[in-house]
1. Got a number for residues in the range 8-24 being modelled with pLDDT of 75 or more and in a helix (DSSP H, G or I)?
2. In the range 159-173, how many residues are polar (S, T, N, Q) and surrounded by 15 or more Cβ atoms within 10 Å (Cβ to Cβ)?
3. May I ask you to list the residues in the range 23-40 that are open to solvent by 60 Å² or more (accessible area, probe 1.4 Å) and among the hydrophobic types (A, V, I, L, M, F, W, C)?
4. Specify which of the listed residues (THR142, THR151) is open to solvent by 80 Å² or more (accessible area, probe 1.4 Å) and closer than 27 Å to PRO33 by Cα.
5. When HIS85 is evaluated against the numbered criteria (1) part of a helix (DSSP H, G or I); (2) open to solvent by 50 Å² or more (accessible area, probe 1.4 Å); (3) out of contact with any helix residue (DSSP H, G or I) (no Cβ under 8 Å at 6 or more places or on another chain), which criterion, by number, is the only one it fails?
6. Does VAL96 satisfy the criteria of being of a type outside the set (S, T, N, Q), modelled with pLDDT of 90 or more and either open to solvent by 50 Å² or more (accessible area, probe 1.4 Å) or over 21 Å from THR154 (Cβ atoms) (or both)?
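The values are calculated or read from the model by the stated rules, or taken from the named source; none is laboratory data. Just so you know, these numbers come straight off a predicted model, no measurement behind them. Heads up, the Cβs are rebuilt from the backbone with ideal geometry, glycines too, and the neighbour counts pull from every protein chain shown. SASA here: full protein model, heavy atoms, side chains in, ligands and nucleic acids out. Shrake-Rupley method; radii C 1.70, N 1.55, O 1.52, S 1.80 Å.
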Amino acid sequence: MINFYRILSRVYPQNIRNSYIRLLTYSGIKIQPDRFVGFVLFFGFLFALASAFDLAALFDFKLLYTFIISFIAFEISVYMWLLLHSEAKARFIEKVLPDALQLMSSNIRAGLTVDRALLLSARPEFGPLQDEINIVGKEITTGKDLGDSLTSMTLRIKSDKLRKTISLIVSGLRSGGQLAPLLEQTS
């Protein structure tokens, strides 16, 4: 069945499929994008077919028009749900980002290294930001550069504030300046 969904996902135009892939990444939903897109297309077809027959029988609507409208409405609603989910995640992260930066700054002032301060600033109350910090921590542990790991975090979260903040932190790391005051001012 998985291969069926992957094959079916090829029916979508490339730009819509890429948009779904970006939204799935931003939302943090852990599913194979082609499988998700194929499932949405298949289920949308079944939903539109069932609703078209029901509405045509109950209200004497044209079957083809009802099918097309139902299919488009279903596809738009799934897309909007993903969009709203990714926006909500970004807003929440933007809301807790100052607290995380303050905590990281305090850890640096306490004498911890930058990567250790980052890892210890991952708290459960930060929600999705904690997950992203943990991902960055795993990447650093496996040998990836701290700046590159932080920059890759901005690819998973649709937030301009986070992107600008990470850019400031990475430039501060590369220039070798005082990072603790920079984090406090940024927060």
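1. We begin by selecting, within the range 8-24, every residue modelled with pLDDT of 75 or more; these are 10-24.
Checking which are in a helix (DSSP H, G or I) leaves us with 14-24.
So the count comes out to 11.
2. 2
3. Hits for the range 23-40 are ILE31, PHE39.
4. None of the other options fit; the residue is THR142.
5. All conditions pass for HIS85, except number (3).
6. no
One line per residue, one yes/no per condition, for (1) open to solvent by 80 Å² or more (accessible area, probe 1.4 Å); (2) out of contact with any Leu (no Cβ under 9 Å at 6 or more places or on another chain):
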position: VAL11; (1), (2): yes, no
position: ILE21; (1), (2): no, yes
position: PHE42; (1), (2): no, no
position: SER70; (1), (2): no, no
position: PHE74; (1), (2): no, yes
position: ASN107; (1), (2): no, no
position: VAL114; (1), (2): no, no
